[in-house]
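J.: Here it is: the structure, laid out below.
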Amino acid sequence: MSDSTSTPSPTSGSRLDEGEYLDLTEDLDLEFDGAEDILRSWRKGMRPDPDLTVSEWADQHRWLSSRGAAEPGRYRTARAPYLREIMDVLSPRHPAQRVTFMKAAQVGATEAGNNWIGFVIHHAPGPMLAVLPSLELAKRTSRGRLDPLIADSPALRERVNPARSRDAGNSMLSKEFPGGILVLTGANGATGLRSMPARYIFLDEVDAYPPSADEEGDPVTLAEARTTTFSHRRKVFMVSTPTIRGLSRIEREFDASDKRRYFVPCPHCGHMQWLQFERLRWDKGRPDTAAYHCEGCERPIAEHHKTQMLELGEWRATAVSADPHSIGFHISALYSPLGWKSWQQIAREWLAAQGSEEMLRVARNTLLGETWVESGDAPEWQRLAERRESYGGVQIPVGGLFLTAGVDVQKDRIEVDVWAWGRGLESWLVDHIVITGGPDDPACWDKLTALLGRTWACANGAVMLIGKLAIDTGYEAPAVYAWARKQGFDQVAPIKGLEGFNRATPVSGPTFVDATIGGKRLRRGARLWSVATATFKTETYRFLRLERPSDEDRALGVADAPGTVHLPDWIDTEWLKQLVAEQLVTVRNKRGYAHPEWQKMRERNEVLDARVYARAAAWIMGADRWDEATWRRLEAQAGVETRPSAQVAAPSELATPAAPKAGAPSTPRRKRRAYTPNFMRD
């Protein structure tokens, strides 16, 4: 029985001859090979991509172009090991959703961001938005960095078509790839920030963003709103060199994160530490001798150890973030790998910046990766700690002529600072009192009442009462009004703080305000003073910056300058930090107009507030307007030798150059007698 499927014999008369048979078998072989290729491609397409992190992807697939890299060739994360974790938290497997990187210049941050872009295109496709400070910079970045990134990495080149004028999907600011799209835009245009939903957002150099995008709001907020639909699968990477403290977006985000620092081991003792500029030391005028001194063993570390130190380093969180999905990194130029930025270069650039505030600002931003504190802000608390002094066993040193108190009311406590004042508004901190319990506790108010009758000892053996106590009404105003009304307004002054510098006088009032006492509303039940807190903060910080006479000058009879602030040796570091808790920054509104504004650098600032209130109490008493006769009577009472009248600029002169002079003489309606404070009267 013949098999119809058998191969025909070449000898059969009706079958193929030998040549035709060979042609057929060759065709069948080709068809089989083609099918095998198709199956091989199909199997390759069905195979899942390796589960890589961003740093692993960069090491395998990223090539650096000579057009945009100082070290062209295959990318190596080991060259800057501190970037590994920063990149890897951007991988889909990591739970972080918001990543902040505050950094110095020349530490590789831009390339880390480019690696993330490449990873998204190749391994985790989705809609991605990259925001640069301006549209022009976005175009420049596309040409100078993004195009070489794609062209020089084969894995990306096969997924993104070259930009062509006829290809609407791929242009200078838009790159389509299978499963996603990358859009570049500028922070100065609101249209690009609300044009599409995005799973990934790369916010580069956020401190250079304008305050508002086309007057529609903060660019960062507008951009992040694009991720709403992706909820838990989003990734936001925010990168920048910081600028001015209080205005810096990147510092604000870093402070809200877990504040990770890169700890490296000392090659001598193994102590783990994060590198701080204060420990980079060199001989005077010899930046070439710069070496880092270990905080553990104090031995100098030569820079050639840096490579190994970076390899063995690790990121450690130094704070607890309120949002577990928000993490932050900070690094300075001290970590720059060998060949990028040396310690000697850092020392040289720092020395070159001395004498120029603008150059120091640039150095602090680009070398240390830290914000610049504008002039007029508070001095460092460490410097104030060094200036603490002993009062020689007395509560009120010689020169203190009257007392005021500033009271800050909190939810669970009342804090009181008592200050002594002398000629020229020279001041001494006399007491710091914390009354626990808060405004809901009657015992708390009883203790505050007792302070009004308490005395403090003077250097001559006499005692002194609080001349005026100023208490803030910002928290639980009804309780404050009730207590103040009960004590009487001769010794107690309820105050309300006002922001801004455009005040004709630092203190105005009093004005009668309605008060609720025991649930009953009393018309004109309290007398309220309004205080321009910004003006007194500026004055306080100017006084704190005054230089003290040297021991040699004191021996020659040189006295402290008017306004000098004396701090006792019993105050702790927390008190000092609260005193310098705010800074003066320049803020721009939506229309671009700039104005100065005080902003907190830390959460707690009760000490600074209490100082301002005590200073306002001195103003209310009339200290800024007393004549020479009044000062002489005060000095006679305190047993102090009469000194020439010291002149101090009126507080309003410290506000802004254009501010009117508060306390300037005005034409009186009638002749007034010299003012005598109540506490001096018999």
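The values are calculated or read from the model by the stated rules, or taken from the named source; none is laboratory data. The shown structure was predicted, so the numbers you read here are calculated from the model rather than taken from an experiment. FYI the Cβ positions are ideal-geometry reconstructions off the backbone, even for glycines, and counts take in every protein chain you see. Surface areas here come from the heavy atoms of the whole protein model, side chains and all, with no ligands, DNA or RNA. Shrake-Rupley method; radii C 1.70, N 1.55, O 1.52, S 1.80 Å.
J.: Scan the stretch 243-263 and report the pairs whose first residue is farther than 18 Å from VAL585 by Cα and whose second residue is open to solvent by 30 Å² or more (accessible area, probe 1.4 Å) and part of a helix (DSSP H, G or I), with Cβ atoms within less than 9 Å and a gap of 6+ or a chain change.
T.: Qualifying pairs under 9 Å: ARG260/GLU85; TYR262/GLU85.
J.: Name the residue, out of GLU349, GLU357, that is closer than 30 Å to GLN106 by Cβ, surrounded by fewer than 17 Cβ atoms within 10 Å (Cβ to Cβ) and charged (D, E, K, R).
T.: From the options GLU349, GLU357, the qualifying one is GLU357.
J.: Within the set of pairs 6 or more residues apart or between chains, which connect a residue that is assigned to a loop (DSSP other than H, G, I, E, B) inside the stretch 622-633 to a residue that is modelled with pLDDT of 90 or more and open to solvent by 60 Å² or more (accessible area, probe 1.4 Å) with Cβ atoms less than 8 Å apart?
T.: As it stands, the answer is none, since no pair meets every condition given.
J.: Could you figure out which of (1) farther than 23 Å from LEU634 by Cβ; (2) touching a helix residue (DSSP H, G or I) at 6+ places or on another chain (Cβ under 6 Å) isn't true of VAL492?
T.: (1)
J.: Regarding the stretch 240-253, can at least one residue be identified that is open to solvent by 60 Å² or more (accessible area, probe 1.4 Å) and within 30 Å of GLY126 (Cβ to Cβ)?
T.: Yes: one or more hits.
J.: Quick one: in the stretch 488-497, which of the residues that are surrounded by 16 or more Cβ atoms within 10 Å (Cβ to Cβ) and among the hydrophobic types (A, V, I, L, M, F, W, C) is nearest to MET464 (Cα to Cα)?
T.: VAL492
J.: For the stretch 526-549, how many residues are outside any strand (DSSP E or B), among the aromatic types (Phe, Trp, Tyr) and open to solvent by 40 Å² or more (accessible area, probe 1.4 Å)?
T.: So the count comes out to 0.
J.: If you don't mind, another one. Cβ-Cβ distance below 8 Å, separation of 6 or more or different chains: which pairs start in the stretch 522-551 with a residue that is under 21 Å from ALA484 (Cα atoms) and modelled with pLDDT of 85 or more and end on one that is in a strand (DSSP E or B) and among the charged types (D, E, K, R)?
T.: From the stretch 522-551, the pairs are LEU528/LYS496; TRP529/LYS496; SER530/LYS496; VAL531/LYS496.
J.: Taking ASP59 as meeting all but one of (1) touching a Lys or Arg at 6+ places or on another chain (Cβ under 8 Å); (2) assigned to a helix (DSSP H, G or I); (3) touching a residue at least 24 places away in the same chain (Cβ under 8 Å); (4) surrounded by fewer than 22 Cβ atoms within 10 Å (Cβ to Cβ), write down the number of the exception.
T.: For ASP59, the exception is condition (3).
J.: Quick check: is even one residue across the stretch 474-484 over 30 Å from THR535 (Cβ atoms) and not acidic (Asp, Glu)?
T.: No, the stretch 474-484 has no match at all.
J.: Is one or more of the residues making up the stretch 192-199 of a type outside the set (D, E, K, R), under 17 Å from LEU129 (Cα atoms), modelled with pLDDT of 85 or more and open to solvent by less than 10 Å² (accessible area, probe 1.4 Å)?
T.: Yes, that holds for at least one residue.
J.: For the stretch 449-483, name all the residues that are open to solvent by less than 40 Å² (accessible area, probe 1.4 Å), more than 30 Å from PRO397 (Cβ to Cβ) and of a type in the set (Gly, Ala, Ser).
T.: Result: ALA477, ALA479, ALA482.
J.: Okay, next question. With respect to ASN161, determine if the residue is assigned to a loop (DSSP other than H, G, I, E, B), surrounded by fewer than 17 Cβ atoms within 10 Å (Cβ to Cβ) and polar (S, T, N, Q).
T.: yes
J.: Still on this structure, I have one more. Please enumerate the residues belonging to the stretch 287-312 that are open to solvent by 20 Å² or more (accessible area, probe 1.4 Å) and assigned to a loop (DSSP other than H, G, I, E, B).
T.: GLU295, GLY296, CYS297, GLU298, ARG299, ALA302, LEU312
J.: Additional query: All but one of (1) of a type in the set (Val, Ile, Thr); (2) farther than 17 Å from LEU384 by Cβ; (3) touching a residue at least 24 places away in the same chain (Cβ under 8 Å); (4) open to solvent by 10 Å² or more (accessible area, probe 1.4 Å) hold for VAL558; state the number of the condition that does not hold.
T.: Only one criterion is unmet by VAL558, namely (3).
J.: For the list (1) at negative phi; (2) open to solvent by less than 60 Å² (accessible area, probe 1.4 Å); (3) touching a strand residue (DSSP E or B) at 6+ places or on another chain (Cβ under 7 Å); (4) not in a strand (DSSP E or B), I need the number of the one condition that PRO379 fails.
T.: (3)
J.: Suppose we filter SER666, SER652 for residues that are open to solvent by 50 Å² or more (accessible area, probe 1.4 Å), among the hydroxyl-bearing types (Ser, Thr, Tyr) and either at negative phi or at pLDDT 90 or above (or both); which single one remains?
T.: So the residue among SER666, SER652 that is open to solvent by 50 Å² or more (accessible area, probe 1.4 Å), among the hydroxyl-bearing types (Ser, Thr, Tyr) and either at negative phi or at pLDDT 90 or above (or both) is SER666.
J.: Filter the stretch 249-277 down to the residues that are more than 27 Å from HIS293 (Cα to Cα) and not in a helix (DSSP H, G or I) and list them by number.
T.: ALA256, SER257 - these are the residues of the stretch 249-277 that are more than 27 Å from HIS293 (Cα to Cα) and not in a helix (DSSP H, G or I).
J.: Something else about it: Could you run through the stretch 170-183 and say how many residues are in contact with a strand residue (DSSP E or B) (Cβ under 6 Å, 6 or more places away or on another chain), open to solvent by 10 Å² or more (accessible area, probe 1.4 Å) and not hydroxyl-bearing (Ser, Thr, Tyr)?
T.: Residues flagged as in contact with a strand residue (DSSP E or B) (Cβ under 6 Å, 6 or more places away or on another chain), open to solvent by 10 Å² or more (accessible area, probe 1.4 Å) and not hydroxyl-bearing (Ser, Thr, Tyr) within the stretch 170-183 amount to 5.
J.: Just to be sure I understand the filter: pairs with C-beta atoms under 6 Å, separated by 6 or more residues or on different chains, first member in the stretch 315-341 and on the phi < 0 side of the Ramachandran plot, second member modelled with pLDDT under 90. Which pairs pass?
T.: SER336/GLN106; TRP340/GLN106; LYS341/GLN106
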